[in-house]
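K.L.:
I'd like to ask some things about the structure below.
Any read-out appearing in this document is the output of simple, stated calculations on the displayed coordinates, not a laboratory observation. Remember, it's a predicted structure, so these values are computed and weren't measured experimentally. Cβ placement follows ideal geometry from the backbone for every residue including glycine, while neighbour counts extend to all protein chains displayed.
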Amino acid sequence: MTTLSIFNQNQPEQPQSVTEDGAEIRRLLAAKGIRFEQWQTRELPDDASAETILDAYQEEVAALKRECGFQTADVVSLNPDDPQKEAFRQKFLDEHVHSEDEVRFFVRGQGLFYLHFGDQVYAVLCQQNDLISVPDGTRHWFDMGPQPRFTCIRLFSNPDGWVADFTGEDIARRLPRYEQLAGAA
């Protein structure tokens, strides 16, 4: 179930609050400038091609492109048997920012976005049918867990795709990881 856990960065052991209420998650994230929606998912095989997935969500993707000026969309997928899974996980585990919005729609599986606002960190466990848009300049990181299983549609304004500027902060190492938070959800 989609879950929002809010932490104080100075007391990272335990969240200050936790909610699984979709409307409350949307309200709390909107107050921080984060777009969060839940789209209706399509029945697709686990091994559906990127083309099939993009075709299935063609209307929603086209609407976001028109509304937000995105230039490209692609599909990223990772499974527990991928030999590069640990390298991929490490790539996203440190706090960073982007010069464009980071948009993900979870076609299947789940992943954990951490959003850093001042002394607070919002940990959003996104599930199948969740769309999250993290505005440019927002400090964040992503944890897919040690046994990742997800497929996401990504949208980009920059034709170069995912480009990060790492902050050098150690905040991501101080908060509970996917294993603790996804297991508790």
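K.L.:
List the extent of the Cα atoms of the chain along each of their three principal axes, largest first, rounded to whole Å.
P.N.:
Its Cα atoms span 44, 36, 32 Å along the three principal axes.
K.L.:
Where does each of 7-13, 151-157 land if you order them by average Cβ count within 10 Å, highest first?
P.N.:
151-157, 7-13
K.L.:
Here's something else I'd like to know. Can you check what the Kirkwood hydrodynamic radius comes to for segment 1-94, Cα pairs only, in Å to one decimal?
P.N.:
16.8
K.L.:
Nearest 20 debye, what's the magnitude of the dipole of segment 3-184 about its Cα centre given +1 on Lys and Arg Cβ and -1 on Asp and Glu Cβ?
P.N.:
280
K.L.:
Can I ask one more? Using a 10 Å cut-off on Cβ atoms, rank the peptides 134-141, 119-126, 15-22 from the highest mean neighbour count down. Could the numbers behind the result be given before it?
P.N.:
Working: 134-141: 18.8, 119-126: 20.8, 15-22: 14.2.
Put in order of decreasing packing, that is 119-126, 134-141, 15-22.
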